Amino acid sequence: SVPKAAAEEIKLGVIYAMTGKGSALGTKQMDAAKLAVKEINDAGGANFGGKKVMIKAFYQDTETKPDAAIRKMKSMINDEGITALVGGTFAHVSLALNDQSRRTPIMFCATNGVPEEFFEKEKKGPYSFSTMASGESVGRGAAAYITEVMKKKKVAVCLPDYAYGHGALRGIEEVFKKNPVDWEKIMTPVGTTDMTPFLLRVSDYKPEIVSMGQWGNDAINILKQAYDMKLRDRMEVFFNWIVNVFATGITPEALDGVMCQLYWYHNMAGFPDQEVVKTSDAFTARYKAAYGEPPDPYAMSAYYGVKETVRAMELAKSTDPKKAYEALMANPDWVSAKGPAKWRVDGQCSYKYYSFIGKGLGPKDRKDATWDYVKIVDAYKGTSFQKDPKALGW
Amino acid sequence: MIESAIYGLTIGAILYFVSIGLSITFGTMRIINFAHGMVYALGVYFFITFLPRVGGNFVISALLAIAAAIPVGYAIERFVIRRLYGESLDYAIIATYALLLIGTDAIKWIWGTVPQQVTEPIGISFRFFGGGFPLYRVVISLSALVLFLGLNLFFRKTVIGRIVIAALDDSEGVQCLGLDVNKYFSIVFVLGSCLAVLGGILYAPISAADPYMGHDILLIAFAVVIVGGMGNLTGTFISALALGLVIAITGRYWSEAADTMVFAVMAIVLIYKSYKA
Amino acid sequence: MNSKADVMHGIRPAAKGAVFRDMIIIAAFFVALIPVLAMHRVTDFMIFCIFALSFDLLYGFMGRLSFGQVLYLGTGVYASTLFSLHVSTNPLLAMLAGVLGAAIVAAALGLIVVKLNEAPFALTNLAFNQIGFFLIGSTFQKITHGEDGISSGVEPWGFMDFSNKYFAFCFVLFFLLFTFYMLTRLTRSPFGIIIRSIKENELRVKFLGYDTFSYKWITFTISGALAGLAGTLYTLYVQFVSPTFIHPLNNVEPIFAVLIGGAGNLYGAIAGGVLFMVMRDSLSTHVPQWEWILGGLLLIIVFWLRQGLAGFVRILAGAVSNRLSLRRAAGGGSQ
Amino acid sequence: MADLLTTQRLTKNFEGLVAVNQVNFRIQEGQVTGLIGPNGSGKTTLFNLLSGLFTPTEGTVSFLGTDVTRVPPHKRVQMGMARTFQLVSVFDSLTVWENLVLSNIRFKTEQQSLRNFFFASSRRKDIADDCMSSLELVGLESRASSVTSELSYGDKRMLEIAIALSLRPSVLLLDEPLAGLSDHEIGEVVSLIYKVKKNFALGIIEHKISKIVELVDRLCVMNYGRIICEGVPGQVLCDPQVRECYWGKEDNKC
Amino acid sequence: MLDVKEIDAAYGRAKVLHDVSLNVNRGEMVFIVGRNGAGKTTLLKTISGLMKPAKGYVSFEGRDTRGLTAVKLARLGMRYVAQDKKVFGNLTVRSNIELAAYASGVAMPSAIERVTSIYPDISKFMDRKAGGLSGGQREILLIGRAMVGSPRLLLIDEPTEGLAAIVIEDIMRILTRMKEGSEVSAIIVEQNLSVVNRLADRIYIMKEGKMIREIADKAQMTDTSEMENYL
Ligand SMILES: Nc1ncnc2c1ncn2[C@@H]1O[C@H](COP(=O)(O)OP(=O)(O)OP(=O)(O)O)[C@@H](O)[C@H]1O
Ligand SMILES: Nc1ncnc2c1ncn2[C@@H]1O[C@H](COP(=O)(O)OP(=O)(O)OP(=O)(O)O)[C@@H](O)[C@H]1O
Ligand SMILES: [Mg+2]
Ligand SMILES: [Mg+2]
């Protein structure tokens, strides 16, 4: 049942992985979402055409399991009557939530990387959207940067053997079809103890560059072990998508000189576009004041997930998912910490800077041993990052 | 191939460290000790905490962490496991799993969820087949060998292991000889805990410390112990090396299946053992 | 000394209607839970209870602790989902496919694992579970979509529409009662005594002339099929499946549920299933870091509530009836 | 008299220890065969080979005219061979009564349907009656609904005998059935055996030889894995070799 | 040296010993007889500290043993040999003996000597798992194990059960020797009256959890007809 328009309060579900594998990241996302809610409520609530409406948020744990997440989502809809849900730590969980949001239509903002099929017309929940890029985009961005900017001809692709990695692989394949190179893929099991067998394969192939895309501990393991094996002496390392929660666990030596693609970085100093530096710094400062440490890129995404969901309702002056979603699509332009952004018809967001390119900092270059892990050197500006909505059935 | 095999042996050495403690408690006390994973992770966090306070000295910090784990191991044995001897093993499984849950949350609560860096203490790689081969791994492999010999000597020279095995057959019988069963169980369990910590500390520089590190390692460690034969010190050593090779070689040709292959080997070994008997 | 009449009383057959009475109580219990927990959740919990029952047969009655029961749940889930996507969208046929699939896998693997005991049994099952997880999540990724998961293709058929929560509730309740009925009959029969005696001393059972292998195999297969039944109900009810349904780490869930309720007791499995789910559900809702509380509760169960809920209730009932009979005796005296 | 159970050159090795060595043993129809010998002489091992607990290193076992050397224990029981264990082995966690259901029910299911086996209550009357009569045989009826672990050692022995009897064997092998019983109970058991011994052939291992000499028709003596003497009890017990190994050198009275 | 004072003992709710009293003097060999289920085993368990009496107490060499565990009592020199022939089946025979030697601080050779003096053949089994021993061999190992070192009080539950006559003779010989040296006292539960007659200094008869008679008179002891009434 859809609640009446102009309800007393906005009932917002927030769901991240608080336990299980995703919890390192999920807790940061949750913090950021809470910050957004708090900011809005501290300002008196959302603005429904002059009328102030408070947010009542329900925070839930996905346990990093799709079925648990669906269970929680159902209960928030049935018991609490939420009309919008923000969340998602790991891709498969968001995909499941999206699927559920087709069955019981509510607004769903996935704030993490999701497979591209999420946005296909057939598959997307009617009011689902995402502040983050898809795994495929990440792959495309990396592959395009490697071939177009770095001009490499022989590439090893070393990705994790699960949803996110397969998505990235699809993206990479597409780009490599367009810009032919020699390449080989090596898939690594998730949560594996030792990455050396795979690194040996990489090194056997003798590529000019290896593009890695592990996540969490696997990312730490593979970068550290690559360093131990002196892989960097023989090839460049490009890391597809890096975030604070695991970048800070990598020893500085291991990250030194690694090229990284990032959704965003909390310290954009040195980036030519001063506008972006300013918005970034502002967000970082606010987050730091609240939690005492710099925000993770995914935290930023979660923060804007809440903000945009609420903005949609403000535009529609209603908590009704359909009205809110349509209002959002009708007013697609907004500004995020990473610069101007625009909603697309398929629920994806196209940012002015799709992704940033950084260079890993070694122990000597760091001002803060933990948090200063990369220096932004460039941004990916090409267009092949996101698929055209037409290709997704729109 | 040779390169893979050599890496495989170093993986095996690491597996040996993380599973030998489990093997000892498993073999003597017949407990599938999930808390091993918790002590393993906790020890690494102790280590990280001590490291800056002792001027970054790896060895001293490791010794402190092991020392700090002794009371933890003792407390687990004294207040949880001791109450379950002689009862169905299943309860021990549940209780130790409960400890794993509690410990993991305690770690999250104290040190946060984000993985922590652990820098490798040696940091030297030598050239090998045109690539780099970290000296640290050589050191680990040699230490594994030393530990293996040391444990063998320990259990051969002392009656501790035998008392524990005897107590499982007939605890009252041991008591009636005037041997305090509990004391020996504690010793063995604490020893197992210390080895868990040692395993964690040696492994952490290769990866990182995070609250779930104990979960990740447990299943593979179980496989090592099972393949080697519960509590069989030599068996554990050989099976750790063999499974290290399995991981390395499978990883080379069918990377996704590397970990699963360990379980396949484990299933085959178990089935073979039981059909032979 | 007991008189012969007393002895016969102790072993006389349970009243005919007892099973049906119990089924009505169980149904009433779940209906009564609806206002407390909301219908969708009760439905969900009931599916889990079926899974817990399947595990209880294997563990509580036959004494074989498996770390791989989730494999059969997952087989049920994936067999029914893939069937619905590729063969027929009929829910009943999908269920049949799921249950059969799980039963076949259980029967095939049972031939191997049933010969094992204790830790080797537990861990071989775990190994198979891990392999199954790998097959679903990685090898057959083309058809299962790996970690991403897939939506089931089951469509409403006649009145069978699973997005109707009333229907879903009744449907699942029906299967829960069906499972309960089957298992009650099974465990009270001579077969039930045999599997319980296998739990204690299998060798001795052989020397009573029973081919223990086949009894173990039958039990294992039934247990697998029932786990598969729970899996197919998940497919129908959740409609989205992913490899978490077959993840080896989830094996602790039925173990906990059965132990909470009291192993070897069907009511216990149901009560434990509900309690475990309630605990998990409400803890994870109200406490951000909740697993340690679960851990603490489990310790309490292991140490102080060994017979599980069932035992607790029995002790309570014993105390109450003692009190009553005392009062009656006192009352009788005064008259 | 027909041989029900015979062995030919039966041998069992335990890592170099020859526990049973080239034994030709037989149990004849309608007879009670006693088996005695010093400790560790291989009596129990011989029974274990007969009943299928161990597979022999060499030699064969035939039962009712068929070679059963490779036949698993449960099949042998189904063919009519029952045994008890030297260290009592009953189901401690079941009730006394359920212990007997286990041994009684197999015949019922052979006669009746599978449905009865899987779905009918194990407490139905026909089974209950059988179990009660088995219990009455050994005087344990008052403990029918006790959990077996609560029985004293001697009562467990009685229960074990009741279980064996209710298997309705054609050959029954008893391994020290009198151990742990008081004289009074030994009397009861012996008279019980007298009562039922016409129904089957009996093999009995016992150290309390005086209690069974009356009972046995034939006595075999084992030492170091071999049968060193066999025949009617009176004769066998006077054999000097037997007296030496069993009672010691100084003992000469016969 | 041992005084059992009016003890009650129970398994859960089931009370199986009622007001049982008994005493043993130094160097004395006391036998307990009684039918199955009379509570003999329970009595020995209670004395050895494995079970706690519900009422009454046991004093050993003048010490009240309430609050002492079985381990402590064993250290004070009490050795209990249970009825169920449980050896440490997963250890070798040698290790079985070794543990006893370790516990009582005796050198291995003399410990092995103790056991082989009862049953010389055991030396053939030294490096085999004790789980593979025959019933009689187990009993011998258990008794031998209990005698390693210098126990003060032996509590033995049916020692001759399952033993061949020749071994019974050996055991009796050893017990007689011990008795003569007054090194050790013993409480032995026994059903074999010929053994009882030859060794007993005193006999207690138990019935249904009660101590119903004590026979101290040698003449009465040899007249088994009376005792047989209770067996
Ligand atoms: N499973 C086994 N493994 C190894 N050795 C065994 C095994 N079973 C029996 N033996 C050995 O075989 C020999 C014969 O044992 P068995 O049990 O047959 O003796 P027994 O005649 O029954 O003696 P007892 O009268 O003491 O019961 C013994 O020396 C024993 O140690
Ligand atoms: N674990 C137990 N739980 C409950 N009751 C028990 C338990 N063990 C023994 N009993 C009961 O206690 C009483 C005394 O048993 P106990 O074993 O002491 O007898 P016993 O004299 O040693 O007999 P036996 O000569 O058969 O060994 C018996 O009635 C028995 O049923
Ligand atoms: Mg024997
Ligand atoms: Mg007794």
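Taken together, the values in this text are just the output of simple stated rules run on the coordinates, not laboratory data. This one's a predicted model, so the numbers in the text were calculated from it and none came from an experiment. Don't worry about glycine lacking a Cβ; one is built from the backbone with ideal geometry, like all the others, and counts go over all protein chains shown.
Positive end of the dipole of region C:4-290 (Cβ unit charges, origin at the Cα centre): among C:Thr144, C:Ala119, C:Ile131, the Cα lying farthest that way belongs to C:Ala119.
Assigning unit charges at the beta carbon (Lys, Arg +1; Asp, Glu -1) and nothing else, what dipole magnitude in debye, to the nearest 20, does the protein assembly as shown show about its Cα centre? List each step's numbers first, then the result.
Values: 151 positive and 133 negative charges, 235 e Å.
That gives a dipole near 1120 debye.
Note on B:Arg156/B:Ala5: beta-carbon distance plugged into 1/(1 + (r/R0)^6) with R0 of 41 Å gives a FRET efficiency of 0.85. State log₁₀ I(q)/I(0) for region E:43-173 at q = 0.14 Å⁻¹ as given by the Debye formula over alpha-carbon point scatterers of equal weight, solvent excluded. At q = 0.14 Å⁻¹ the computed log10 ratios are -0.63.
Taking chain E as a Gaussian network of alpha-carbon nodes connected by springs under 10 Å, the highest mean-square fluctuation of the residues E:Met178, E:Met147, E:Met29 belongs to E:Met178.
Each 5 Å bin, from zero up to the one with the longest distance, holds this percent of the alpha carbon pairs of region A:242-354: 2, 11, 18, 20, 17, 15, 9, 4, 2, 1, 0. In units of the compact-protein estimate 2.2 N^0.38 Å, region C:4-290 shows a Cα radius of gyration of 1.01.
Placing dummy labels 7 Å off each Cα toward the beta-carbon, the span from E:Lys15 to D:Val213 is 4.7 nm.
Just check region A:174-270 against the gyration tensor rule for me: Cα atoms, a ≥ b ≥ c as the square roots of the eigenvalues, rounded for a/c under 1.5, and otherwise prolate or oblate depending on whether a/b exceeds b/c. Oblate shape, in that a/c is at least 1.5 and b/c is the bigger or equal ratio. Per-residue shielding of C:95-101, expressed as the average number of other chain Cβ atoms within 10 Å of the residue Cβ, stands at 0.
Shielding of A:161-167 by partners, i.e. mean partner chain Cβ atoms within 10 Å per residue? Spell out each step's value before the answer.
Values: counts 11, 8, 9, 2, 3, 6, 1.
Partner-chain Cβ atoms within 10 Å, mean over residues of A:161-167: 6.
A dipole drawn for chain A from +1 and -1 charges on Cβ atoms has a positive end, and of A:Ala330, A:Leu85, A:Gly125 the residue lying farthest that way is A:Ala330. Our summary of shape: the Cα atoms of region B:2-276 have principal axis extents of 64, 51, 34 Å, ordered from largest down, in whole angstrom. Using the alpha carbons alone, the radius of gyration of chain D stands to its Kirkwood radius in an Rg to Rh ratio of 0.99. Here the ratio of the Cα radius of gyration of chain E to 2.2 N^0.38 Å is 0.99.
Just checking the listed ones, B:Thr25, B:Thr104, B:Thr113: in the Gaussian network model of chain B with Cα springs under 10 Å, the one fluctuating most is B:Thr113.
P(r) tail for the protein assembly as shown, what percent of Cα pairs lie past 54 Å? Tail fraction, whole percent: 35.
Report the FRET efficiency, 1/(1 + (r/R0)^6), for A:Lys177 and C:Cys170, where r is their Cβ-Cβ distance and R0 is 60 Å, rounded to 0.05. That pair, A:Lys177 with C:Cys170, gives E of 0.70.
Work out the P(r) tail for region B:59-174: percent of alpha carbon pairs separated by more than 24 Å, whole number. Walk me through the numbers on the way to the answer.
Values: 3685 of 6670 pairs.
Of the Cα pairs, 55 percent sit more than 24 Å apart.
Apply the Kirkwood formula to region D:90-168: the hydrodynamic radius equals the inverse of the mean of 1/r over all pairs of different alpha-carbon atoms; give it in Å with one decimal.
Values: mean 1/r = 0.0796 Å⁻¹.
Value: 12.6 Å, from the Cα pair sum.
The modelled label-to-label distance between C:Phe140 and C:Ser163, using points 7 Å beyond Cα along the C-beta direction, is 2.8 nm. Compared with the alpha-carbon gap, the fully stretched path from B:Lys183 to B:Leu63 is longer by 40.9 nm at 0.36 nm per residue.
If you wrap region A:30-162 in the convex hull of its Cα atoms and look at it from every side, the mean projected area works out to 11.0 nm². The C-alpha atoms of chain C define a longest principal axis, and helix C:190-200 lies at about 90 degrees to it.
For region C:36-158, compute the orientation-averaged projected area of the C-alpha convex hull (one quarter of its surface), in nm². Mind dumping the intermediate values first?
Values: hull surface 36.8 nm².
The directionally averaged projection comes out at 9.2 nm².
Assign one of three labels to region D:124-176, namely rounded, prolate or oblate, based on the Cα gyration tensor with a ≥ b ≥ c the square roots of its eigenvalues; rounded applies when a/c is under 1.5, prolate when it is not and a/b is larger than b/c, and oblate otherwise. Present the calculation step by step, with values, prior to reporting the outcome.
Values: a/c = 2.31, a/b = 1.05, b/c = 2.20.
Oblate, because a/c is 1.5 or more while a/b does not exceed b/c.
Each peptide among E:36-42, D:122-128, A:347-353, E:210-216 gets the average number of other Cβ atoms lying within 10 Å of its residues, and from highest to lowest they stand as E:36-42, A:347-353, D:122-128, E:210-216.
Within 10 Å of each Cβ of A:237-249, how many other protein chain Cβ atoms are there on average?
Numbers: counts 0, 0, 0, 0, 0, 0, 0, 1, 5, 4, 2, 5, 9.
Taking the mean over all residues of the peptide, I get 2.
Rounded to the nearest 0.05, what FRET efficiency is calculated for B:Tyr275 and B:Arg82 with R0 set to 45 Å and r the Cβ-Cβ distance? The calculated FRET efficiency here is 0.80. Between the Cα long axis of helix B:35-53 and the first principal axis of chain B there is an angle of about 60°, rounded to the nearest 10. Summarising the label geometry, the points placed 7 Å from Cα in the beta-carbon direction at E:Lys72 and A:Glu326 lie 8.4 nm from one another.
For chain A, the Kirkwood radius over C-alpha pairs fed into Stokes-Einstein at 37 °C and 0.692 mPa s yields D = 156 µm² per second. Considering only D:Gly34, C:Gly273, A:Ala33, the residue lying farthest towards the positive end of the dipole of the protein assembly as shown is A:Ala33, judged by Cα position with unit charges set on Cβ.
Among A:Met107, E:Met126, which comes first, then next, by fewest other beta-carbon atoms within 10 Å? Each step should come with its number before you reach the end.
Details: A:Met107 29, E:Met126 15.
Lowest to highest Cβ neighbour count: E:Met126, A:Met107.
The mean of 1/r over all pairs of different alpha-carbon atoms in region C:209-252, once inverted, gives a Kirkwood hydrodynamic radius of 12.3 Å.
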